[in-house]
1. Net charge within 14 Å of K49 by Cβ-Cβ distance, Lys/Arg positive one each and Asp/Glu negative one each, not counting K49 itself?
2. Measuring from centroid to centroid over Cα atoms, what is the spacing of segment 91-114 and segment 151-166 in Å?
3. Considering only Cα-Cα distances, which of the following residue pairs are longer than 22 Å: K55/K200; K200/K270; K270/K384; K107/K375?
4. I'd like to compare 234-241, 166-173, 255-262, 189-196: which one has the highest average count of other Cβ atoms within 10 Å, and what's the full order after that?
5. Around T101, with a cut-off of 10 angstrom between Cβ atoms, what is the net charge of the other residues, counting Lys and Arg +1 and Asp and Glu -1?
6. For segment 119-237, list log₁₀ I(q)/I(0) at each q in 0.20, 0.22, 0.23 Å⁻¹, using the Debye formula over Cα point scatterers of equal strength and ignoring solvent, two decimals each.
7. Amide H to amide H, which residues 5 or more places from H269 or on other chains are under 5 Å from it, using H placed in the peptide plane?
8. Considering only the other residues whose Cβ falls under 14 Å of the Cβ of D225, what net charge follows from Lys and Arg at +1 and Asp and Glu at -1?
Amino acid sequence: MTVFGGYIFAKRCNRVANWPKRRVKIFHVRTNDSMTNAPGDNLSENLLKWYDLNKRRFPWRSFYPALSDPYHVVVSEMMLQQTTVTTVIPYFLRFIERFQTLEDLAKAKQESVYAQWQGLGYYRRARFLHSFAQIVMNKHQGQIPQDEHTLRSLPGMGPYTSKAVCAIAFNKPTIGLDGNIIRVLGRYFHIELSGQGIAKILPPLLSSVIFTTKRFCDLQQALMDLGSSLCTPRSPSCEACPLNKECLAFLHGAQADIPVKTIKKPIPHKYGVAFVMLNKVKDSVLLEFRENHSLLQNLWGFPTNAWSSEQSQEQMMSDLVPSLTRIEDLKLLPIAVTHTFTHFKLTLTVYQALCLHSFAVEAPYSWVPLDQLNKLALPTLMRKIQKAAGIHARDRSCDAPLRVDIF
């Protein structure tokens, strides 16, 4: 009989993780099986054997004893935040082709970085990545730091990303806990908590996983691959899993219940007005540089008012119009634009005006020629407004004439 876990171990984990002193059921007493080691002792060996045969190949990934290029790891990890691997791959290839080294990225203009990021969304990641490159070049002699503490002080480097970079790029004995890995290890150790709860309990357990191998870089990536391919949130393929002989949740038939589901709060809904002004004389459109906006900061876009939870078009227009001048032929477009941010949904009413006389505008506004519109790094929300307004600018690789549909 092998006894491992129970409530005594849970209390010890609670103290380490600063949890309340209450009984947390982590995993059960194991009896009636052939397992002689504590959970975690064989995890890395079994997992890495599976990984050697089933590893995914990505343009930023190398395999032990070779280590991945730290710059490529940082770029890929930044892109993979909130974005799937299949979406990221072509963007990563274009980005690295344009900025081949960290120094190239540091020297680039922010607008050029945004242009390569266009379509990925969450532009704050691009701003952080650009700042990261500049700080590393200026303060770290162009060498990406190899310790987690220093990495955490750099833009865009949170707890997960800093650990993942240390493990993957420098083969450091650490594990970055993303959603996939939290799910894999939560089931493996049978931790009956939510994802956030599992993440708090895991740190004191990780030594039994990490220090049984020297392939720390592969271990991090193997856990991610297992979570995305077999140990999925729904209907995990446990029979094919290399860890099924030790996975405590599977052995107790509880894998579908871990992590414990939490009730998500409803996402707030905000409303606003977008304004599209076309200059017939200059063959251009009015854009605003969003320097002082909290969202989509330092990006170009169509002028909008401050978004709020109140849906009053009259008030929204009165908020927006005084900041613009010489509006002519104002029309409400029949199509509203909807967009979902991380923490709220947005619905924009779109107004369009045609200007028949040329006049100058002041910052933060600017007239942008229509044939330059596709060259700007407009965020997805602004592209939706462009489409709703019927503005068709010439594509970079196309000689078709410009076309503007006026409703």
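Throughout, read-outs are computed from the coordinates displayed, never taken from laboratory work. Note that the structure is predicted; figures quoted are calculated from it, not measured. Glycine gets a Cβ as well: all are built from the backbone with ideal geometry, and neighbour counts include every protein chain shown.
1. Values: positive: K55, R215, K245; negative: E45, D52, D218, D225, E246.
So the environment of K49 carries a net charge of -2.
2. 20
3. Details: K55/K200 28 Å; K200/K270 33 Å; K270/K384 17 Å; K107/K375 20 Å.
Pairs exceeding the cut-off: K55/K200; K200/K270.
4. On the way: 234-241: 13.5, 166-173: 21.8, 255-262: 15.9, 189-196: 19.9.
Ranking, from highest mean packing down: 166-173, 189-196, 255-262, 234-241.
5. On the way: positive: K107; negative: D69, E103, D104.
Net charge in that neighbourhood comes out at -2.
6. Those come out to -1.13, -1.24, -1.28, one per q.
7. K345
8. On the way: positive: K49, K55, R56, R57, R61, R183, R215; negative: D52, D178, D218.
Result for the local shell: +4.
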